[in-house]
Each structure stands twice: as structure tokens, then as C-alpha cells.
1. Take residue 127 and tell me if it is loosely packed, with under 15 Cβ neighbours inside 10 Å, more than 16 Å from ligand 1 (Cβ to nearest atom) and closer than 30 Å to residue 82 by Cα.
2. Looking only at segment 201-223, decide whether some residue is more than 30 Å from residue 69 (Cβ to Cβ) and in contact with a helix residue (DSSP H, G or I) (Cβ under 7 Å, 6 or more places away or on another chain).
3. Could you list, in sequence order, all residues of segment 139-148 that are within 28 Å of residue 101 (Cβ to Cβ) and either buried (at least 18 other Cβ atoms within 10 Å of the Cβ) or within 16 Å of ligand 2 (Cβ to nearest atom) (or both)?
4. From (1) more than 16 Å from ligand 1 (Cβ to nearest atom); (2) under 20 Å from residue 231 (Cα atoms); (3) touching a residue at least 40 places away in the same chain (Cβ under 8 Å), pick out the condition that doesn't hold for residue 200.
5. Any residue at all in segment 225-247 that's within 16 Å of ligand 2 (Cβ to nearest atom), closer than 30 Å to residue 156 by Cα, in contact with a strand residue (DSSP E or B) (Cβ under 8 Å, 6 or more places away or on another chain) and not in a strand (DSSP E or B)?
6. I need a count of the residues in segment 149-175 that are part of a strand (DSSP E or B) and within 16 Å of ligand 2 (Cβ to nearest atom).
7. Would you pick out the residues in segment 100-118 that are within 16 Å of ligand 2 (Cβ to nearest atom) and more than 16 Å from residue 175 (Cβ to Cβ)?
8. Between 182, 136, which is assigned by TED's automatic domain parsing to the domain that holds residue 234, more than 15 Å from ligand 2 (Cβ to nearest atom), under 42 Å from the mean Cα position of the chain (by Cα) and not in a strand (DSSP E or B)?
Ligand SMILES: [Ca+2]
Ligand SMILES: [Ca+2]
């Protein structure tokens, strides 16, 4: 709203100045002078429309990448949103997790066949004391972001390898080699929380966000199945986007206005 008043004040200022100039030149007394004033007003209206259009859709994004063998703990530093850029309308945070490779070995050591489901890959989450990572429902942003395979299995009764001897060979064992998996979670920070936390999102400084990527495996089974894990390779990114309405720079608008008026004055002199 403050920006709209700025623009209106600016337009009134330009129109007043131009009417003064036109009067001074004596051109306001004839039709050509009046035409010029009408043109100036039209240009000012056009400038307001143009500056309004440019005020929407501005986004400032920051991305930090990670890669390694879980568990991975990274502290990422991001710039706060400088309010001199414009009016902040939203903060969107996205965590992307990729998982590849690793081996998940299952071995049924019970006297009967076993069936079940396993999950294997990586799981990511974020936390911070500098800023509050909650959405308008006070749910964690982005929550747990999984990049894992979910697969059912069916293994025969133990073939004699017995407990404590993890054997991936069949028919009572198996080895799953990790596929390429990907997952992402996005959240919008509640605007009530932008200034909360030790640092907050607004200002000209920075804040830290901790990103934790875990090796993920989960087993649900009917029988006496033992398992082992060779870790996956994980990678991904944290992206923070500030969505805002940009403030048009008065200096730029003034230069544009003067640029449009100079040819008009030249045409008037020729006439
Ligand atoms: Ca076995
Ligand atoms: Ca065994």
C-alpha cells in the first residue's frame, strides 16, 4: 500500500513539473501544448502500469547442495530477506533427497517361510534455532523427506546357515542393491513466524539451518529374519525462495520519463 502512495506522489510530481515547463514555454496556450500535456499524462499512466507489472512475481532463491554417505549433518547458511528489496509475501523451503546404491541383505533363519516388506534408502529432515521452520498449521517444514524403495519379499525356511551367519544366498536369503530414489518436501513458512527465532528471516544478515540425512531401512516381517545394511550414497539440496513485490526505483522511473519527453520537445520545436 505504501508503494502505491509513492507511485501516485511521483506521478503527481511529474505532471505538475511538466505543466509548469509547458506554461513556461508558452505552449500550453495552444492545442499543441495541450496535446503534450495529455501525452505526458498518458506516459505517466503507462509508467504506473509498467511498474505495477514489474512489482509482481519477483523471487530471490538460494540453493545449497549436499552429497555423501549417511548419516550426513550439514549446517547451511542463508541470507536473510533484505526488506529494502520490496514487500515479502512468502517464504518457500524445499528439501530434495536422492539415494543410490547400498545393499540390504535379508536372511530367514526361522524354521518356516517368511514374508514381509522392507524400505531401503535415505531420509532427510531440517531444523534451526535461528529461524522457525513451521507452516501455518504449525507442521514441521519440510517434515521427513524419504527417498527409499519399498519392496515385498518372500523367503523359504532356513537352509541351515542358522542365526549369526548372515547369508544372502537363496532360497532363504536375498540381497537388494539400492536403486536410484528421489523425494522432496516443500513448505511455506507461516508469516507470523518470519521474525521469530534467534535471527529470523528478515534483515541484512544470515541464519543457519541444519540438514540431517539418515540412512533409512525399515523391516516388517512375519518370520525370524535377520538383516544387514551397506549404506547408500545420498545427495540433494535445500532451496529457500523469498517471494516478494519489488519496489520500483524512483530514479529509474524519472530517467524513463525524461527519455520519453526529450523527443517530444524536439518535435514541438520543429513544428
Ligand atoms: Ca538362513
Ligand atoms: Ca543366517
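The values are calculated or read from the model by the stated rules, or taken from the named source; none is laboratory data. Bear in mind that the values here come from a model prediction, so they are computed numbers and not experimental data. When we count neighbours, we look across all protein chains shown, and the Cβ atoms used for this are built from the backbone with ideal geometry, even at glycine.
1. When the stated conditions are applied, residue 127 passes them.
2. At the first step, the residues of segment 201-223 found to be more than 30 Å from residue 69 (Cβ to Cβ) are 201-205, 222-223.
Narrowing the set further to residues that are in contact with a helix residue (DSSP H, G or I) (Cβ under 7 Å, 6 or more places away or on another chain) leaves 202.
Yes, segment 201-223 contains at least one residue that is more than 30 Å from residue 69 (Cβ to Cβ) and in contact with a helix residue (DSSP H, G or I) (Cβ under 7 Å, 6 or more places away or on another chain).
3. Residues of segment 139-148 within 28 Å of residue 101 (Cβ to Cβ): 142-148.
Across segment 139-148, the qualifying residues are 142, 145, 146, 147, 148.
4. Only one criterion in (1) more than 16 Å from ligand 1 (Cβ to nearest atom); (2) under 20 Å from residue 231 (Cα atoms); (3) touching a residue at least 40 places away in the same chain (Cβ under 8 Å) is unmet by residue 200, namely (2).
5. Kept after step one, since they are within 16 Å of ligand 2 (Cβ to nearest atom), are these residues of segment 225-247: 225-229.
With closer than 30 Å to residue 156 by Cα added as a condition, the list becomes 225-229.
Subsequent filtering for residues that are in contact with a strand residue (DSSP E or B) (Cβ under 8 Å, 6 or more places away or on another chain) retains 225-229.
Remaining after also requiring not in a strand (DSSP E or B): none.
Scanning segment 225-247 turns up no residue that is within 16 Å of ligand 2 (Cβ to nearest atom), closer than 30 Å to residue 156 by Cα, in contact with a strand residue (DSSP E or B) (Cβ under 8 Å, 6 or more places away or on another chain) and not in a strand (DSSP E or B).
6. Of all residues in segment 149-175, those part of a strand (DSSP E or B) come to 149-155, 173-175.
With the extra rule that they be within 16 Å of ligand 2 (Cβ to nearest atom), the set shrinks to 153, 155, 173-175.
Total meeting the criteria: 5.
7. Passing the criteria: 110, 111, 112, 113.
8. The unique qualifying residue is 136.
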